[in-house]
């Protein structure tokens, strides 16, 4: 579980996060949504420890990040997996090399143990014939799956995903969403996804956090998002005609 | 103020490079890879340029020796002094700032743009140690390339001088041996080692701290070449004054 208490972050005169508090529970897919510039990426980078908030605290299963020593912080980071928007695979390594990388860096496993683990996670993300291919030789959807495999290879307690569906076709996007949700439940991971994709919100959003101008505007579940009267949320979530109609049908059904 | 901030950031980067080392098993393969790419991969261009510059120095000296009292062996002497003192350590380093420096900036810059450096940091890897330290160690082998450059430069001078009909082989060799100061070799290699550190770190700095996209990677490569060259030229003056002045 991750508890966020009143975090603030500024860059020069720009006050990006203005006091966000929330809780992300284990085994659930938590989604952060909001317009561009609302502070989602900065918030995610604070959770990852890439940015240090000026005020407030982030607590990972009872451990307050700011009060940890450098060694403890590094150990905590090894419990985190991250899927970047552009996958961020290492160009110079094969698929197998990318997935094996954290094992080589942080474990003393033998070569065969590492190979077994790599095969297991690549099989888990339905990628079995791409071991020796380089990132440039595989599709965007496959790159995302490799990134997920690399993120879970160390059995992380926390999984962070930044726009995991960006640049993917709708069918592949659904596959990736479902894969993240299955992995979250299977390994009881605290998963936090930064997204613009309303399909993801409706598909896997067990907890949704809506940010606006660096503040928490609304939070709830995917069922509650249908009922909310919060104008900022409805304007954002139901900006497309399709979702407007879906909501209208839901309200009519409810009445 | 910006320059001062950059110098400060550079100093902090150097400190971070030597903190929290990567596992030796992985570092070893990274160092070997960098030696191959940065030093071994540059030998071709170094040999090519050294040969012809050595040849041109010999021809230019020969063409300017119009006084019959001055011995022809001076061509060999001038070639040796030019190549060992300045051409091999300094001129080749400027070329390396372009070849190796732009490669370092663009490869690290691309990793920054594509979030690969963020990926390393999130995993708990000291990305500066992982990316820059192997380059610094690999460049410790750069003096070997400069030794080859010295040899080939002098050889080029001999070929041009002898086969161009400017002097005999014996005169050239005699010139090479005239007033030889062994410390000049030490001076050249001290400079080379310092330039090697500069060639590994300044381009890394420009790549690591760059912001933006593909266009900025190109701009960062150009900026890194300019600054690496400027620093090499200034250090060359200071080291020459300190060691020979």
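The values are calculated or read from the model by the stated rules, or taken from the named source; none is laboratory data. Note that the structure is predicted; figures quoted are calculated from it, not measured. FYI the Cβ positions are ideal-geometry reconstructions off the backbone, even for glycines, and counts take in every protein chain you see.
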What do you reckon, is residue A:87 more than 8 Å from chain B (Cβ to nearest Cβ), buried (at least 21 other Cβ atoms within 10 Å of the Cβ) and not in a helix (DSSP H, G or I)?
yes
Just wondering, is there one or more residues in the stretch A:166-181 that are within 14 Å of another protein chain (Cβ to nearest Cβ), in a helix (DSSP H, G or I), at pLDDT 85 or above and under 16 Å from the mean Cα position of the chain (by Cα)?
no
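Which one of B:102, B:107 is part of a helix (DSSP H, G or I), out of contact with any strand residue (DSSP E or B) (no Cβ under 8 Å at 6 or more places or on another chain) and within 14 Å of another protein chain (Cβ to nearest Cβ)? Before you say what the answer is, go through the steps one by one.
Numbers: B:102 fails: within 14 Å of another protein chain (Cβ to nearest Cβ).
Checking each option against the conditions leaves just B:107.
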So which helices (runs of 4 or more DSSP H) stay within the stretch B:1-73 end to end and still have 3 or more residues that are under 21 Å from residue B:158 (Cβ atoms) and touching a residue at least 24 places away in the same chain (Cβ under 8 Å)?
B:43-64
What single numbered condition from (1) out of contact with any strand residue (DSSP E or B) (no Cβ under 8 Å at 6 or more places or on another chain); (2) closer than 22 Å to residue A:194 by Cα; (3) within 8 Å of chain B (Cβ to nearest Cβ) fails to hold for residue A:74?
(2)
Exclusive hit being out of contact with any helix residue (DSSP H, G or I) (no Cβ under 9 Å at 6 or more places or on another chain), more than 14 Å from every other protein chain (Cβ to nearest Cβ) and surrounded by fewer than 23 Cβ atoms within 10 Å (Cβ to Cβ), set B:63, B:74:
B:63
Going residue by residue through the stretch A:96-106, is there one that turns out to be assigned to a helix (DSSP H, G or I), facing chain B (nearest Cβ under 7 Å), within 21 Å of the chain's Cα centre (by Cα) and under 16 Å from residue A:149 (Cα atoms)?
yes
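Pick out the one residue from B:239, B:176 that is part of a helix (DSSP H, G or I), surrounded by 14 or more Cβ atoms within 10 Å (Cβ to Cβ) and free of Cβ contacts under 8 Å to residues at least 60 places away in the same chain.
Values: B:176 fails: free of Cβ contacts under 8 Å to residues at least 60 places away in the same chain.
Selected residue: B:239, the only one of B:239, B:176 that is part of a helix (DSSP H, G or I), surrounded by 14 or more Cβ atoms within 10 Å (Cβ to Cβ) and free of Cβ contacts under 8 Å to residues at least 60 places away in the same chain.
Kindly evaluate residue B:86 against the criterion of being within 14 Å of chain A (Cβ to nearest Cβ) and assigned to a helix (DSSP H, G or I). Can you show your working first?
Working: within 14 Å of chain A (Cβ to nearest Cβ): no; assigned to a helix (DSSP H, G or I): yes.
Answer is no for this residue.
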Within the stretch B:34-60, can you find the residues that are surrounded by 14 or more Cβ atoms within 10 Å (Cβ to Cβ) and within 14 Å of chain A (Cβ to nearest Cβ)?
B:34, B:37
Under 7 Å between Cβ atoms, at least 6 apart or on separate chains: pull out the pairs that start in the stretch B:111-134 with a residue that is more than 11 Å from chain A (Cβ to nearest Cβ) and end on any residue that is in a loop (DSSP other than H, G, I, E, B).
B:129/B:19; B:129/B:20; B:129/B:21; B:129/B:22
Given the conditions (1) over 21 Å from residue A:3 (Cα atoms); (2) touching a strand residue (DSSP E or B) at 6+ places or on another chain (Cβ under 6 Å), and given that residue A:215 satisfies all but one, which numbered condition is not satisfied?
(1)
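Per-residue answers, yes or no, for (1) part of a helix (DSSP H, G or I); (2) within 14 Å of chain B (Cβ to nearest Cβ):
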| residue | (1), (2) |
| --- | --- |
| A:36 | no, no |
| A:46 | yes, yes |
| A:50 | no, yes |
| A:56 | no, no |
| A:66 | yes, no |
| A:82 | no, yes |
| A:113 | yes, no |
| A:118 | yes, no |
| A:133 | no, no |
